[in-house]
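Inspection log for the structure reproduced underneath, given as C-alpha coordinates.
The values are calculated or read from the model by the stated rules, or taken from the named source; none is laboratory data. Everything numeric here is computed off the predicted structure, so don't read it as measured data. Reconstructed Cβ throughout: ideal geometry from the backbone, glycine too, with neighbour counts over all protein chains shown.
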Amino acid sequence: MKYLLLDDRNIASTDNARLFPGPVRKDSRNPLFGEEKPWEVRFDNLYPNVIFDPDDGLFKCWYNPFIVDESVQRTPPEKRGEAQYDQLLPREMAVCYAVSRDGLVWEKPELGLVEFEGSAANNIVMRPTHGAGVRNDPADPDPERRYKMFTSMEEKHDQLAVSFSRDGLRWSPYIPCPNIGSHGDTHNTFFRDERAGTYVAFTRRWDPIGQRTVARTRSADFVHWTPASEVMRALPDQPHRQTYELQGFNYAGVYLGFVMILDTRSDFVDCELAWSVDSVEWRRLCPGEALIPRGPKGSYDHGCVYSSLEPIERDGELWLYYGGSDDTHMSWRKGCLCLARLRMDGFAGMTPADASRPGVVETTPLRLQSSRITVTADAKDGSVRVELLDDSDVPCAQSAPITADAADAPLTWKTGDIASRVGRNVRLRFTLTNAALYSFRM
(Lines give C-alpha, C1' and ligand atoms only; values in the text may rest on other atoms or scores of the structure.)
Protein backbone atom coordinates (compact mmCIF):
# COMPACT_ATOMS: atom_id res chain seq x y z
CA MET A 1 0.00 0.00 0.00
CA LYS A 2 1.23 3.49 -0.87
CA TYR A 3 1.14 6.31 1.68
CA LEU A 4 1.44 9.96 0.63
CA LEU A 5 3.13 12.34 3.04
CA LEU A 6 0.39 14.89 2.38
CA ASP A 7 -2.11 12.54 4.09
CA ASP A 8 -1.72 13.56 7.72
CA ARG A 9 -3.91 10.70 8.94
CA ASN A 10 -0.75 8.58 8.81
CA ILE A 11 1.51 11.11 10.54
CA ALA A 12 1.77 10.90 14.33
CA SER A 13 4.32 13.66 14.86
CA THR A 14 6.88 15.86 13.15
CA ASP A 15 9.90 17.80 14.33
CA ASN A 16 11.39 20.53 12.14
CA ALA A 17 9.43 19.22 9.13
CA ARG A 18 7.05 21.13 6.91
CA LEU A 19 4.83 20.22 4.00
CA PHE A 20 5.49 21.95 0.68
CA PRO A 21 4.10 21.70 -2.88
CA GLY A 22 6.29 19.52 -5.05
CA PRO A 23 8.36 21.42 -7.61
CA VAL A 24 7.12 21.28 -11.20
CA ARG A 25 9.16 21.83 -14.35
CA LYS A 26 7.49 23.80 -17.11
CA ASP A 27 8.17 22.42 -20.57
CA SER A 28 10.64 24.46 -22.58
CA ARG A 29 8.31 24.24 -25.59
CA ASN A 30 5.54 26.16 -23.86
CA PRO A 31 3.19 27.47 -25.03
CA LEU A 32 2.14 24.34 -26.92
CA PHE A 33 -0.59 26.14 -28.86
CA GLY A 34 -2.40 29.46 -28.70
CA GLU A 35 -5.16 31.55 -30.25
CA GLU A 36 -4.30 30.74 -33.86
CA LYS A 37 -7.62 30.25 -35.66
CA PRO A 38 -10.22 32.85 -36.72
CA TRP A 39 -12.78 31.24 -34.39
CA GLU A 40 -10.38 31.32 -31.43
CA VAL A 41 -11.27 34.90 -30.60
CA ARG A 42 -10.28 34.62 -26.95
CA PHE A 43 -9.10 31.59 -24.97
CA ASP A 44 -10.05 33.27 -21.68
CA ASN A 45 -9.62 30.41 -19.14
CA LEU A 46 -9.28 27.75 -21.86
CA TYR A 47 -10.67 25.06 -19.51
CA PRO A 48 -8.58 22.31 -21.15
CA ASN A 49 -9.47 18.62 -20.88
CA VAL A 50 -6.41 16.58 -21.89
CA ILE A 51 -6.31 12.78 -21.87
CA PHE A 52 -4.08 10.08 -23.29
CA ASP A 53 -6.17 7.50 -25.13
CA PRO A 54 -4.34 4.14 -25.08
CA ASP A 55 -6.71 2.66 -27.67
CA ASP A 56 -5.19 4.74 -30.46
CA GLY A 57 -2.06 6.03 -28.74
CA LEU A 58 -3.10 9.69 -28.98
CA PHE A 59 -3.23 12.66 -26.69
CA LYS A 60 -6.59 14.39 -27.04
CA CYS A 61 -7.64 17.83 -25.86
CA TRP A 62 -11.10 19.37 -25.68
CA TYR A 63 -10.81 23.05 -24.89
CA ASN A 64 -13.27 25.91 -24.45
CA PRO A 65 -12.50 29.13 -26.38
CA PHE A 66 -14.85 32.03 -26.98
CA ILE A 67 -15.70 31.94 -30.67
CA VAL A 68 -17.76 35.13 -30.34
CA ASP A 69 -16.58 37.98 -28.12
CA GLU A 70 -17.75 41.43 -29.14
CA SER A 71 -15.44 43.22 -26.73
CA VAL A 72 -12.43 41.61 -28.40
CA GLN A 73 -13.79 41.76 -31.93
CA ARG A 74 -14.72 45.45 -31.83
CA THR A 75 -11.50 46.58 -30.11
CA PRO A 76 -8.28 46.23 -32.14
CA PRO A 77 -5.11 45.44 -30.17
CA GLU A 78 -3.73 48.94 -30.53
CA LYS A 79 -6.86 50.36 -28.84
CA ARG A 80 -6.99 47.99 -25.88
CA GLY A 81 -4.77 50.16 -23.73
CA GLU A 82 -7.49 52.83 -23.87
CA ALA A 83 -10.42 50.64 -22.77
CA GLN A 84 -11.26 47.88 -20.34
CA TYR A 85 -12.25 44.41 -21.42
CA ASP A 86 -16.04 44.07 -21.14
CA GLN A 87 -17.26 40.53 -20.50
CA LEU A 88 -20.88 41.71 -20.45
CA LEU A 89 -20.95 42.21 -24.20
CA PRO A 90 -22.27 39.24 -26.22
CA ARG A 91 -19.99 36.20 -26.05
CA GLU A 92 -20.29 32.55 -27.06
CA MET A 93 -18.10 29.67 -25.97
CA ALA A 94 -17.60 26.44 -27.91
CA VAL A 95 -15.77 23.16 -27.41
CA CYS A 96 -12.86 22.63 -29.79
CA TYR A 97 -10.71 19.53 -30.33
CA ALA A 98 -6.96 19.11 -30.76
CA VAL A 99 -4.88 15.96 -31.06
CA SER A 100 -1.22 15.02 -30.61
CA ARG A 101 0.96 11.92 -30.96
CA ASP A 102 3.55 12.99 -28.39
CA GLY A 103 1.60 15.44 -26.22
CA LEU A 104 3.83 18.29 -27.34
CA VAL A 105 3.06 19.03 -30.99
CA TRP A 106 -0.67 19.55 -31.46
CA GLU A 107 -2.93 19.57 -34.50
CA LYS A 108 -6.30 21.29 -34.77
CA PRO A 109 -8.02 19.19 -37.46
CA GLU A 110 -10.69 20.49 -39.81
CA LEU A 111 -13.55 18.24 -38.73
CA GLY A 112 -16.43 19.53 -40.84
CA LEU A 113 -18.91 19.08 -38.00
CA VAL A 114 -20.04 22.50 -36.72
CA GLU A 115 -20.53 25.63 -38.76
CA PHE A 116 -18.77 28.87 -37.92
CA GLU A 117 -19.41 31.94 -40.11
CA GLY A 118 -20.69 29.81 -42.99
CA SER A 119 -17.99 27.11 -42.93
CA ALA A 120 -17.50 23.83 -41.08
CA ALA A 121 -13.77 23.73 -41.89
CA ASN A 122 -12.79 24.02 -38.24
CA ASN A 123 -12.15 21.93 -35.11
CA ILE A 124 -15.35 22.88 -33.28
CA VAL A 125 -17.33 19.94 -31.88
CA MET A 126 -20.05 21.70 -29.85
CA ARG A 127 -21.69 25.14 -29.63
CA PRO A 128 -23.01 26.95 -27.68
CA THR A 129 -21.70 25.73 -24.33
CA HIS A 130 -19.76 27.02 -21.37
CA GLY A 131 -17.05 25.36 -19.29
CA ALA A 132 -17.41 21.83 -20.65
CA GLY A 133 -15.69 19.01 -18.82
CA VAL A 134 -14.91 16.11 -21.18
CA ARG A 135 -13.53 12.63 -20.48
CA ASN A 136 -13.38 9.23 -22.03
CA ASP A 137 -15.01 6.48 -19.98
CA PRO A 138 -13.88 3.06 -21.23
CA ALA A 139 -15.62 1.36 -18.31
CA ASP A 140 -19.04 2.23 -19.71
CA PRO A 141 -20.35 -0.85 -21.57
CA ASP A 142 -22.32 1.30 -24.03
CA PRO A 143 -19.98 2.40 -26.87
CA GLU A 144 -22.27 5.36 -27.59
CA ARG A 145 -21.42 6.71 -24.12
CA ARG A 146 -17.67 6.17 -24.24
CA TYR A 147 -17.05 9.94 -24.14
CA LYS A 148 -18.95 12.12 -21.70
CA MET A 149 -19.45 15.87 -21.39
CA PHE A 150 -20.65 17.82 -18.34
CA THR A 151 -21.37 21.45 -19.15
CA SER A 152 -23.48 24.55 -18.92
CA MET A 153 -25.78 24.65 -21.94
CA GLU A 154 -25.58 28.33 -22.77
CA GLU A 155 -24.04 31.63 -21.87
CA LYS A 156 -26.62 32.38 -19.19
CA HIS A 157 -25.19 29.42 -17.24
CA ASP A 158 -28.68 28.69 -15.96
CA GLN A 159 -28.77 25.01 -16.86
CA LEU A 160 -26.26 22.20 -16.49
CA ALA A 161 -26.46 19.31 -18.92
CA VAL A 162 -24.67 16.21 -20.14
CA SER A 163 -23.91 14.84 -23.58
CA PHE A 164 -22.49 11.56 -24.93
CA SER A 165 -20.30 10.56 -27.86
CA ARG A 166 -18.87 7.43 -29.42
CA ASP A 167 -15.73 9.15 -30.73
CA GLY A 168 -15.45 12.41 -28.77
CA LEU A 169 -16.30 14.40 -31.90
CA ARG A 170 -19.97 13.81 -32.71
CA TRP A 171 -22.05 14.58 -29.63
CA SER A 172 -25.62 13.77 -28.69
CA PRO A 173 -28.14 16.55 -27.99
CA TYR A 174 -27.90 17.99 -24.51
CA ILE A 175 -29.72 16.17 -21.71
CA PRO A 176 -30.66 18.86 -19.15
CA CYS A 177 -29.94 18.14 -15.49
CA PRO A 178 -32.18 20.64 -13.66
CA ASN A 179 -31.98 18.86 -10.33
CA ILE A 180 -28.36 19.98 -9.85
CA GLY A 181 -29.56 23.52 -9.28
CA SER A 182 -26.17 25.17 -9.61
CA HIS A 183 -24.62 28.01 -11.58
CA GLY A 184 -22.24 26.52 -14.15
CA ASP A 185 -20.10 29.55 -15.06
CA THR A 186 -16.82 27.71 -14.46
CA HIS A 187 -15.05 24.57 -15.66
CA ASN A 188 -17.67 21.93 -14.89
CA THR A 189 -15.59 18.84 -14.19
CA PHE A 190 -16.24 15.23 -13.26
CA PHE A 191 -14.59 11.86 -12.75
CA ARG A 192 -15.68 8.26 -12.30
CA ASP A 193 -15.21 7.41 -8.66
CA GLU A 194 -14.29 3.74 -8.70
CA ARG A 195 -14.33 3.55 -4.91
CA ALA A 196 -17.92 4.78 -4.58
CA GLY A 197 -19.23 3.39 -7.87
CA THR A 198 -20.61 6.76 -8.96
CA TYR A 199 -19.70 9.81 -11.00
CA VAL A 200 -18.66 12.87 -9.02
CA ALA A 201 -18.82 16.35 -10.54
CA PHE A 202 -17.82 19.82 -9.41
CA THR A 203 -19.40 23.08 -10.50
CA ARG A 204 -19.99 26.66 -9.32
CA ARG A 205 -22.24 28.19 -6.73
CA TRP A 206 -22.50 31.79 -5.58
CA ASP A 207 -23.40 32.71 -2.02
CA PRO A 208 -25.63 35.71 -1.19
CA ILE A 209 -22.68 38.09 -0.83
CA GLY A 210 -21.17 37.19 -4.22
CA GLN A 211 -18.59 34.66 -3.04
CA ARG A 212 -17.64 31.95 -5.55
CA THR A 213 -17.80 28.47 -4.04
CA VAL A 214 -17.21 24.94 -5.33
CA ALA A 215 -20.25 22.67 -5.37
CA ARG A 216 -20.37 18.88 -5.66
CA THR A 217 -22.96 16.62 -7.25
CA ARG A 218 -22.95 12.89 -7.98
CA SER A 219 -24.75 10.43 -10.22
CA ALA A 220 -24.96 6.67 -10.72
CA ASP A 221 -25.81 6.91 -14.44
CA PHE A 222 -24.40 10.32 -15.49
CA VAL A 223 -27.93 11.54 -16.27
CA HIS A 224 -29.70 11.84 -12.92
CA TRP A 225 -27.71 13.98 -10.49
CA THR A 226 -28.08 14.94 -6.85
CA PRO A 227 -28.62 18.61 -5.93
CA ALA A 228 -25.25 20.31 -5.76
CA SER A 229 -23.94 21.18 -2.31
CA GLU A 230 -21.02 23.38 -1.31
CA VAL A 231 -17.73 21.61 -0.58
CA MET A 232 -15.15 24.40 -0.75
CA ARG A 233 -14.96 28.16 -0.35
CA ALA A 234 -12.42 30.86 0.49
CA LEU A 235 -10.66 30.58 3.84
CA PRO A 236 -12.34 32.69 6.54
CA ASP A 237 -9.35 35.02 6.90
CA GLN A 238 -8.88 35.39 3.11
CA PRO A 239 -12.35 36.01 1.60
CA HIS A 240 -10.76 37.72 -1.40
CA ARG A 241 -9.03 34.46 -2.47
CA GLN A 242 -12.08 32.71 -3.89
CA THR A 243 -12.35 29.10 -5.02
CA TYR A 244 -12.91 29.36 -8.76
CA GLU A 245 -12.95 25.70 -9.83
CA LEU A 246 -11.85 22.24 -8.70
CA GLN A 247 -10.45 19.29 -10.65
CA GLY A 248 -10.83 16.18 -8.50
CA PHE A 249 -9.40 12.70 -9.05
CA ASN A 250 -8.41 9.46 -7.31
CA TYR A 251 -4.77 8.96 -6.43
CA ALA A 252 -3.08 6.46 -4.07
CA GLY A 253 -6.19 5.80 -2.03
CA VAL A 254 -7.21 9.42 -1.49
CA TYR A 255 -8.83 12.17 -3.54
CA LEU A 256 -6.61 14.93 -4.82
CA GLY A 257 -7.75 18.17 -6.39
CA PHE A 258 -6.34 21.06 -8.33
CA VAL A 259 -8.18 24.12 -7.05
CA MET A 260 -8.00 27.41 -8.92
CA ILE A 261 -7.91 30.43 -6.61
CA LEU A 262 -9.02 33.84 -7.92
CA ASP A 263 -7.59 36.73 -5.93
CA THR A 264 -10.25 39.40 -6.35
CA ARG A 265 -7.80 42.11 -5.23
CA SER A 266 -4.98 41.37 -7.66
CA ASP A 267 -7.15 39.54 -10.28
CA PHE A 268 -4.52 36.77 -10.59
CA VAL A 269 -5.53 33.09 -10.68
CA ASP A 270 -3.34 30.44 -9.03
CA CYS A 271 -3.48 26.64 -9.14
CA GLU A 272 -3.18 25.12 -5.66
CA LEU A 273 -3.47 21.58 -4.30
CA ALA A 274 -6.25 20.14 -2.16
CA TRP A 275 -7.01 16.68 -0.81
CA SER A 276 -9.95 14.78 0.63
CA VAL A 277 -10.77 11.45 2.22
CA ASP A 278 -14.29 11.26 0.74
CA SER A 279 -14.47 13.91 -2.05
CA VAL A 280 -16.88 15.89 0.17
CA GLU A 281 -14.69 17.51 2.81
CA TRP A 282 -11.69 19.14 1.15
CA ARG A 283 -8.60 20.73 2.63
CA ARG A 284 -6.27 23.02 0.76
CA LEU A 285 -2.64 22.03 1.21
CA CYS A 286 -0.18 24.87 1.69
CA PRO A 287 -2.71 27.69 1.03
CA GLY A 288 -1.09 30.56 -0.81
CA GLU A 289 1.58 28.32 -2.37
CA ALA A 290 0.90 27.39 -5.99
CA LEU A 291 1.43 23.87 -7.30
CA ILE A 292 1.89 25.29 -10.83
CA PRO A 293 3.36 28.76 -10.22
CA ARG A 294 2.51 31.64 -12.50
CA GLY A 295 5.39 32.96 -14.58
CA PRO A 296 7.19 36.30 -14.32
CA LYS A 297 5.67 39.48 -15.70
CA GLY A 298 5.56 39.40 -19.48
CA SER A 299 5.51 35.60 -19.69
CA TYR A 300 2.82 33.45 -21.32
CA ASP A 301 1.36 32.39 -17.93
CA HIS A 302 1.97 35.44 -15.77
CA GLY A 303 -1.69 36.20 -15.09
CA CYS A 304 -3.68 32.98 -14.72
CA VAL A 305 -3.20 29.22 -14.49
CA TYR A 306 -6.16 26.84 -15.03
CA SER A 307 -5.32 23.15 -14.77
CA SER A 308 -6.57 20.37 -16.98
CA LEU A 309 -7.77 17.04 -15.58
CA GLU A 310 -5.67 14.76 -13.39
CA PRO A 311 -2.03 14.28 -14.40
CA ILE A 312 -1.11 11.86 -17.16
CA GLU A 313 1.60 9.34 -16.25
CA ARG A 314 4.22 9.43 -18.97
CA ASP A 315 7.84 8.24 -19.06
CA GLY A 316 8.03 7.82 -15.30
CA GLU A 317 6.68 11.26 -14.43
CA LEU A 318 3.37 13.11 -14.22
CA TRP A 319 2.34 15.53 -16.96
CA LEU A 320 0.14 18.41 -15.82
CA TYR A 321 -1.50 20.30 -18.68
CA TYR A 322 -2.92 23.73 -18.01
CA GLY A 323 -4.33 26.82 -19.64
CA GLY A 324 -2.09 29.81 -19.10
CA SER A 325 -2.70 33.47 -19.87
CA ASP A 326 -0.30 36.38 -19.97
CA ASP A 327 -2.40 38.81 -17.94
CA THR A 328 -5.03 38.93 -15.25
CA HIS A 329 -8.52 37.43 -15.15
CA MET A 330 -10.41 40.52 -16.39
CA SER A 331 -7.75 41.98 -18.67
CA TRP A 332 -7.00 41.93 -22.39
CA ARG A 333 -5.10 38.69 -22.17
CA LYS A 334 -3.91 35.99 -24.51
CA GLY A 335 -4.22 32.34 -23.59
CA CYS A 336 -2.42 29.12 -24.47
CA LEU A 337 -2.10 25.43 -23.65
CA CYS A 338 0.92 24.62 -21.49
CA LEU A 339 2.59 21.64 -19.85
CA ALA A 340 4.30 21.22 -16.48
CA ARG A 341 6.02 18.05 -15.30
CA LEU A 342 6.01 16.57 -11.81
CA ARG A 343 7.85 13.60 -10.38
CA MET A 344 5.76 10.55 -9.46
CA ASP A 345 3.90 11.11 -6.15
CA GLY A 346 5.44 14.59 -6.08
CA PHE A 347 2.31 16.63 -5.35
CA ALA A 348 3.53 17.58 -1.87
CA GLY A 349 6.31 16.39 0.38
CA MET A 350 7.95 16.82 3.76
CA THR A 351 11.25 18.61 4.08
CA PRO A 352 13.20 20.22 6.97
CA ALA A 353 11.68 23.54 8.01
CA ASP A 354 15.13 24.70 9.12
CA ALA A 355 17.60 23.42 6.54
CA SER A 356 20.49 23.61 9.01
CA ARG A 357 19.24 20.55 10.90
CA PRO A 358 17.37 17.34 10.07
CA GLY A 359 13.61 17.04 9.98
CA VAL A 360 11.89 14.08 11.58
CA VAL A 361 8.54 12.51 10.63
CA GLU A 362 6.98 9.66 12.59
CA THR A 363 4.01 7.65 11.34
CA THR A 364 1.04 6.25 13.15
CA PRO A 365 1.01 2.45 13.62
CA LEU A 366 0.73 0.78 10.21
CA ARG A 367 0.39 -2.88 9.26
CA LEU A 368 3.64 -4.24 7.82
CA GLN A 369 2.57 -6.47 4.92
CA SER A 370 6.03 -7.64 3.89
CA SER A 371 9.69 -6.98 4.58
CA ARG A 372 9.89 -4.74 1.48
CA ILE A 373 9.47 -0.99 2.14
CA THR A 374 10.11 1.58 -0.59
CA VAL A 375 10.36 5.37 -0.52
CA THR A 376 10.00 8.17 -3.05
CA ALA A 377 12.23 11.10 -2.18
CA ASP A 378 14.55 13.82 -3.43
CA ALA A 379 17.80 13.15 -1.58
CA LYS A 380 20.58 13.72 -4.10
CA ASP A 381 22.09 16.47 -1.91
CA GLY A 382 21.29 14.86 1.42
CA SER A 383 19.81 11.70 2.88
CA VAL A 384 16.68 9.93 4.10
CA ARG A 385 17.10 7.43 6.92
CA VAL A 386 14.33 5.18 8.21
CA GLU A 387 13.93 3.49 11.57
CA LEU A 388 11.38 0.81 12.43
CA LEU A 389 9.90 1.41 15.89
CA ASP A 390 8.52 -1.31 18.14
CA ASP A 391 5.50 -1.08 20.46
CA SER A 392 7.57 0.91 22.95
CA ASP A 393 8.80 3.33 20.25
CA VAL A 394 12.28 1.83 20.49
CA PRO A 395 14.10 1.42 17.14
CA CYS A 396 14.22 -2.24 16.21
CA ALA A 397 15.65 -1.80 12.70
CA GLN A 398 17.56 0.95 10.91
CA SER A 399 17.95 1.45 7.18
CA ALA A 400 20.94 2.45 5.15
CA PRO A 401 20.53 6.05 3.97
CA ILE A 402 18.87 6.95 0.67
CA THR A 403 21.22 9.49 -0.94
CA ALA A 404 19.76 9.96 -4.42
CA ASP A 405 16.54 10.92 -6.16
CA ALA A 406 14.46 7.83 -5.53
CA ALA A 407 11.17 6.57 -6.94
CA ASP A 408 9.81 3.56 -5.06
CA ALA A 409 13.38 2.73 -4.03
CA PRO A 410 13.59 -0.30 -1.71
CA LEU A 411 15.20 0.21 1.66
CA THR A 412 18.12 -1.93 2.75
CA TRP A 413 18.53 -2.56 6.45
CA LYS A 414 21.77 -2.07 8.38
CA THR A 415 20.46 -3.43 11.66
CA GLY A 416 17.48 -5.38 12.96
CA ASP A 417 15.30 -8.25 11.79
CA ILE A 418 12.45 -6.69 9.83
CA ALA A 419 11.10 -10.04 8.62
CA SER A 420 10.02 -10.92 12.15
CA ARG A 421 7.78 -7.86 12.19
CA VAL A 422 5.74 -8.80 9.12
CA GLY A 423 2.02 -8.99 9.89
CA ARG A 424 2.34 -6.69 12.90
CA ASN A 425 1.76 -2.99 13.39
CA VAL A 426 4.90 -0.89 13.24
CA ARG A 427 5.77 2.78 13.17
CA LEU A 428 8.33 4.39 10.88
CA ARG A 429 10.59 7.28 11.77
CA PHE A 430 12.01 9.20 8.81
CA THR A 431 15.01 11.47 9.33
CA LEU A 432 15.38 13.96 6.48
CA THR A 433 18.70 15.74 6.01
CA ASN A 434 18.55 18.29 3.20
CA ALA A 435 15.99 16.05 1.50
CA ALA A 436 12.28 15.80 0.67
CA LEU A 437 10.06 12.77 1.21
CA TYR A 438 6.89 12.35 -0.89
CA SER A 439 5.62 8.83 -0.28
CA PHE A 440 6.46 5.38 0.99
CA ARG A 441 5.05 1.96 0.24
CA MET A 442 4.64 -1.00 2.59
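Can you tell me which residue is surrounded by the most Cβ atoms within 10 Å (Cβ to Cβ) among those in the stretch 189-222 that are polar (S, T, N, Q) and more than 17 Å from residue 310 (Cα to Cα)?
217
Among what's in the stretch 402-426 and is touching a residue at least 24 places away in the same chain (Cβ under 8 Å) and in a loop (DSSP other than H, G, I, E, B), pick the residue that is nearest to the chain's Cα centre (by Cα).
Restricting to residues being touching a residue at least 24 places away in the same chain (Cβ under 8 Å) and in a loop (DSSP other than H, G, I, E, B), the top hit is 405.
Which fully enclosed strands (runs of 3 or more DSSP E) of the stretch 333-374 have 3 or more residues being under 30 Å from residue 65 (Cβ atoms)?
The qualifying strands (runs of 3 or more DSSP E) are 335-343.
Restricting the search to the stretch 410-441, which residues are among the aliphatic types (A, V, I, L, M) and surrounded by fewer than 18 Cβ atoms within 10 Å (Cβ to Cβ)?
419, 422
Can you pull out the residues in the stretch 214-256 that are under 30 Å from residue 408 (Cα atoms) and in a strand (DSSP E or B)?
Those that are under 30 Å from residue 408 (Cα atoms) and in a strand (DSSP E or B): 246, 247, 248, 249, 250, 251, 254, 255, 256.
Every residue in the stretch 28-52 that is in a loop (DSSP other than H, G, I, E, B) and farther than 30 Å from residue 87 by Cβ, please.
Hits for the stretch 28-52 are 28, 29.
Of all residues being over 29 Å from the mean Cα position of the chain (by Cα) and farther than 14 Å from residue 168 by Cα in the stretch 113-130, which is surrounded by the most Cβ atoms within 10 Å (Cβ to Cβ)? Just the residue, please.
That would be 116.
Quick grid of which residues meet (1) within 28 Å of residue 76 (Cβ to Cβ); (2) assigned by TED's automatic domain parsing to the domain that holds residue 63; (3) polar (S, T, N, Q):
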position	(1), (2), (3)
258	no, yes, no
266	yes, yes, yes
278	no, yes, no
289	no, yes, no
297	yes, yes, no
301	yes, yes, no
316	no, yes, no
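Tell me, please, whether a residue that is over 30 Å from residue 196 (Cβ atoms) and outside any loop (DSSP other than H, G, I, E, B) can be found in the stretch 257-264.
Yes, that holds for at least one residue.
Evaluate the following for residue 241: is it under 17 Å from the mean Cα position of the chain (by Cα), of a type in the set (Lys, Arg) and at negative phi?
Against the criterion (under 17 Å from the mean Cα position of the chain (by Cα), of a type in the set (Lys, Arg) and at negative phi), residue 241 does not qualify.
Table: residues versus (1) within 16 Å of residue 21 (Cα to Cα); (2) basic (Lys, Arg); (3) part of a strand (DSSP E or B).
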{"residue": "271", "(1), (2), (3)": "yes, no, yes"}
{"residue": "275", "(1), (2), (3)": "yes, no, yes"}
{"residue": "278", "(1), (2), (3)": "no, no, no"}
{"residue": "283", "(1), (2), (3)": "yes, yes, yes"}
{"residue": "290", "(1), (2), (3)": "yes, no, no"}
{"residue": "297", "(1), (2), (3)": "no, yes, no"}
{"residue": "305", "(1), (2), (3)": "yes, no, yes"}
{"residue": "319", "(1), (2), (3)": "yes, no, yes"}
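Can you confirm whether residue 105 is part of a strand (DSSP E or B) and assigned by TED's automatic domain parsing to the domain that holds residue 64?
no
Every residue, every condition in (1) surrounded by fewer than 21 Cβ atoms within 10 Å (Cβ to Cβ); (2) more than 30 Å from residue 427 (Cα to Cα), yes or no:
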| residue | (1), (2) |
| --- | --- |
| 2 | yes, no |
| 9 | yes, no |
| 12 | yes, no |
| 16 | yes, no |
| 26 | yes, yes |
| 29 | yes, yes |
| 38 | yes, yes |
| 43 | no, yes |
| 46 | no, yes |
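Which residues, counting only those in the stretch 71-92, are outside any loop (DSSP other than H, G, I, E, B), under 18 Å from residue 335 (Cβ atoms), more than 28 Å from the chain's Cα centre (by Cα) and not basic (Lys, Arg)?
71, 72, 73, 77
Which of the residues that make up the stretch 310-366 are over 30 Å from residue 386 (Cβ atoms), of a type in the set (S, T, N, Q) and surrounded by fewer than 20 Cβ atoms within 10 Å (Cβ to Cβ)?
The answer is 328, 331.
Looking at the stretch 234-247, I want the residues that are among the β-branched types (Val, Ile, Thr) and have a partner that is outside any strand (DSSP E or B) with Cβ atoms under 6 Å, at least 6 apart or on another chain. Which pairs are those?
Hits for this filter: 243/233.
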